[in-house]
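First up is the structure itself, then whatever we jot down about it.
The values are calculated or read from the model by the stated rules, or taken from the named source; none is laboratory data. What you see is a predicted model; the values in this text were computed from it and never measured. Counting neighbours? That spans all protein chains shown, and the Cβs are built from the backbone with ideal geometry, glycine included.
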Amino acid sequence: MFILSLALPAEAQNRVTLTGTLRSAASGEPLIGASVSVAGTTTGVETDVNGAYMLRVAAGTHQIQFSYLGFETLTREITLKKNTRLNVQLQETTNRLNEVVVESQRNSFQERLTTPQMSMETLTTREAKLLPALFGEVDIIKTLQLKPGIQSGGEGSSGLFVRGGSNDQNLVLLDDALVYNPSHLFGFFSVFNPDAVRGVELYKGGFPAQFGGRLSSVLDVKLREGNRNENDVSGGVGLIASRLTLEGPIQKGKSSYLVSGRRTYVDVFTRMINKAKESDPDWSPIPDYYFYDFNAKASFDLSENDRLFISGYYGRDFFKFYDENFDFNFNWGNRVASARWMHQFSPRFFVNTTFSASNYEYQIKNELDIYTFNLTSNITDLTAKTDFEYITSEKHHLRFGAAVTDHRFVVGRIEANSQDGSVNVGTGNTYRGQEYGVYASDDWTLSPVFTVSYGLRLSGFLNSGKNFLGLEPRAAASYRFSESLTLKGNFTRMYQYVHLISNSGASLPTDIWYPSTPGVNPQRSDQFALGLTKLIKDKYLLSTEAYYKKMTRQLDLRDGAEIFANTELEKEFVFGTGDSYGQEFYVEKKDGKTTGWIGYTLSWSNRTFPDINNGKTFPTRFDRRHDLSVVAIHQLNKRINATATFVYGTGNAYSLPVQRFIFQDVEGEDYTVIPVYPERNSFRLAAYHRLDLGLVYKLRPKRGSSDLTFSVYNVYNRRNPYFVFFETIRDEESDQITGFVAKQVSLFPVIPSVTYNFKF
């Protein structure tokens, strides 16, 4: 018999845990990513999305420093003899001392050097609101597109294409509830109101084991909790939309509420124009378009160890066109709600239990004379999950939990009828499936310079008697060569059980979500990444990551497929593989009067389908060889911030015909033009580049705060391509077709805008 005895050093045996939360003294809201450190040492941690921190130190007296960008640094001398809880409130300051900012950023960068987590981007609305925006509308997703490895779908798009993945391969969460279509205005704006959002985390790889169900990224959006101490009113008035937010305490210091809404009003002006022109027989009415969204959240401190959060979102887009004979109505939107209970068993053991519901649907309704046509599609989810965190020792941080989701799909439900009853037709498919997952992971600190994170997720999907199972290993490691240089690597496997069916290159509201079935297997991806992170002079963070992602069971539509009014949709599907690989470079500076970042990505993204392109590999539409973004923010003085962004990207891959056949009937009166295409996506649109400038001017109202935000989108009026079409050339005398010429369509010229923001 062998007996193994492990004796810990005296210092390790006499260590204690300091826990608590950091909040704003003015609003009571948690401070995310704030620094808690032992003064004069490199020992420190950052607060999580709830403003909570946990710091392990030796028993004794310490100078504990609490700091956050834009707030006064607080230092407290604390004698710790046992595990202690300390909640701290920081005062916001307008006179930011350089040494305070440097210390805050140094600890923030040190955290990125020590953790094994990589391939992650974080963003606060405070940063996003400083940058110039299209029509003055701040958009967190467009800001994320300025980070390396994250691309837009094209001009004005708010979609995300991450490391060669498609738009539907992103898991988008709003307070833990799934959002299926995170965009307004056919993809030009996101559904996230910046006044209601607290912070955003986006994982491009190295996904923590608690996330699953998508291949390419996880976008985790958290709503603000609202002011716990006093009532506030804030909002903004812009060129195309206005926003209003109300927040305040339910029970002062213990609970709060927040409600926030916005609406566009372009339709108000188009209706006025149509009304003024209605007597003109040659006038073509302008269609109506508008969107609105509404956010609400309530948070409650039930006890010292229990907190409850209730969140909701409702958003809708409307597109309408009508005249005397024809009425067209198209609307779509999301509804999500969640309730999360957080309980702390001890300073090192937590649990979060969440119930959520989400729904996405669209409806097209046409009325022509006595006939009515309706097309609808929707997906509804009900989810329950529980997540545990247990810090067993200084070296191990365990996470484990389970989740189950009930999916209900209505695919292409069509109804057609007439007032006289001569037409009464209805068709469509309904599916139901259950998705589930259990996981466990551990962050293991093997030594002060070597940390590993490993986990396993077992996921599954049950539909029509078919049970799909997926084993998803996760592994990451971090080795610190010095206090300023770290090498990281990770491997992640992901499964995706629901699929987006689209017959367009762009993501449209009419795209259909479809489940895995006995005839449609789940998608799978394996991703490897390796990166270096370097800190220079405690103020510049440099990082580079190389990645390779292999995707199987990719789904596409066969050429000429029809997805509407098709009750046998699976016959239109084809299946293949994909891969993407590249190198990302990033440099960031966050302290001083001039801050910002530069990001560059060199990448390839390809697909191979036996039934498409004669089985030859082709680049995806969002394959972009070069992608560059430069962001600069300069504080001219205490009241004025100037901002600039420049973006450059290789043109999207495109399919264009190289010749045409014209077939005429026997009499030579009617003819058919048949285009001939070469290999898929064998052409490139012109390169995309744009410069935006902005200026934020803080006003001095008698009460509260306000500012004017000026921005100029596309300063040098670059006519970037949106799509290409062919114009037919005819002989003037015979009216015969003599040729075709390609024409480029561009959306946005130079666009100046101004937005008034206020809070009181």
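Looking for whichever is farther than 22 Å from Arg624 by Cα, outside any loop (DSSP other than H, G, I, E, B), over 11 Å from the mean Cα position of the chain (by Cα) and charged (D, E, K, R) here; the options are Glu225, Glu127. Which one fits?
On the way: Glu225 fails: outside any loop (DSSP other than H, G, I, E, B).
Result of the check over Glu225, Glu127: Glu127.
Condition (residue is at pLDDT below 80 and outside any strand (DSSP E or B)) applied to the stretch 55-71: is it met by at least one residue?
Looking for residues that are at pLDDT below 80 and outside any strand (DSSP E or B), one finds at least one in the stretch 55-71, hence yes.
Please go through the stretch 719-760 and give me each residue that is of a type in the set (Lys, Arg) and touching a Phe, Trp or Tyr at 6+ places or on another chain (Cβ under 8 Å), ordered by number. First the steps, then the outcome.
First pass over the stretch 719-760, keeping only residues of a type in the set (Lys, Arg): 719, 730, 743, 759.
Residue satisfying the conditions is Lys743 alone.
For the stretch 566-578, give me each residue that is loosely packed, with under 13 Cβ neighbours inside 10 Å and in a loop (DSSP other than H, G, I, E, B).
Thr567, Glu568
Run down Thr517, Thr492, Thr544 and say which single residue is over 19 Å from Val587 (Cα atoms), among the hydroxyl-bearing types (Ser, Thr, Tyr) and surrounded by fewer than 17 Cβ atoms within 10 Å (Cβ to Cβ). First the steps, then the outcome.
Details: Thr492 fails: surrounded by fewer than 17 Cβ atoms within 10 Å (Cβ to Cβ); Thr544 fails: over 19 Å from Val587 (Cα atoms).
The unique qualifying residue is Thr517.
Tell me yes or no: at least one residue of the stretch 581-604 is more than 21 Å from Leu542 (Cα to Cα) and either at pLDDT below 90 or of a type in the set (Gly, Ala, Ser) (or both). Outline the logic, then answer.
First, pick out the residues of the stretch 581-604 that are more than 21 Å from Leu542 (Cα to Cα): 604.
With the extra rule that they be either at pLDDT below 90 or of a type in the set (Gly, Ala, Ser) (or both), the set shrinks to none.
Taking every residue of the stretch 581-604 in turn, none turns out to be more than 21 Å from Leu542 (Cα to Cα) and either at pLDDT below 90 or of a type in the set (Gly, Ala, Ser) (or both).
Conditions tested, residue by residue: (1) over 29 Å from Leu185 (Cα atoms); (2) at pLDDT below 95; (3) over 23 Å from the mean Cα position of the chain (by Cα); (4) assigned by TED's automatic domain parsing to the domain that holds Phe330.
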{"residue": "Ser356", "(1), (2), (3), (4)": "no, no, no, yes"}
{"residue": "Gln363", "(1), (2), (3), (4)": "no, yes, yes, yes"}
{"residue": "Leu368", "(1), (2), (3), (4)": "no, yes, yes, yes"}
{"residue": "Leu375", "(1), (2), (3), (4)": "no, yes, yes, yes"}
{"residue": "Ile379", "(1), (2), (3), (4)": "no, yes, no, yes"}
{"residue": "Asp387", "(1), (2), (3), (4)": "yes, no, no, yes"}
{"residue": "Tyr390", "(1), (2), (3), (4)": "yes, yes, yes, yes"}
{"residue": "Lys395", "(1), (2), (3), (4)": "yes, yes, yes, yes"}
{"residue": "Val411", "(1), (2), (3), (4)": "no, yes, yes, yes"}
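When you scan the stretch 175-192, do you find a residue that is outside the structural domain of Thr608 (by TED's automatic domain parsing), at pLDDT 90 or above and not in a loop (DSSP other than H, G, I, E, B), even just one?
Yes, the stretch 175-192 has at least one match.
Collect the residues in the stretch 336-349 that are surrounded by 18 or more Cβ atoms within 10 Å (Cβ to Cβ) and under 27 Å from the mean Cα position of the chain (by Cα), keeping them in residue-number order.
Within the stretch 336-349, Val336, Ala337, Ser338, Ala339, Arg340, Met342 meet the criteria.
Among the residues in the stretch 201-222, are any surrounded by fewer than 24 Cβ atoms within 10 Å (Cβ to Cβ), over 23 Å from Leu458 (Cβ atoms) and among the hydroxyl-bearing types (Ser, Thr, Tyr)?
No - not one qualifying residue is present in the stretch 201-222.
Condition (residue is within 15 Å of Ser525 (Cβ to Cβ) and among the small types (Gly, Ala, Ser)) applied to the stretch 190-208: is it met by at least one residue?
First, the residues of the stretch 190-208 that are within 15 Å of Ser525 (Cβ to Cβ): 203-207.
From what's left, among the small types (Gly, Ala, Ser): 205-206.
The answer is yes; a qualifying residue exists.
Among the numbered conditions (1) of a type outside the set (A, V, I, L, M, F, W, C); (2) more than 21 Å from Arg163 (Cα to Cα); (3) free of Cβ contacts under 8 Å to residues at least 60 places away in the same chain, tell me where Arg625 comes up short.
(2)
Report whether or not Val49 is of a type outside the set (Phe, Trp, Tyr), within 18 Å of Thr84 (Cβ to Cβ) and either surrounded by fewer than 20 Cβ atoms within 10 Å (Cβ to Cβ) or modelled with pLDDT under 75 (or both).
Working: of a type outside the set (Phe, Trp, Tyr): yes; within 18 Å of Thr84 (Cβ to Cβ): no; either surrounded by fewer than 20 Cβ atoms within 10 Å (Cβ to Cβ) or modelled with pLDDT under 75 (or both): yes.
In short, no.
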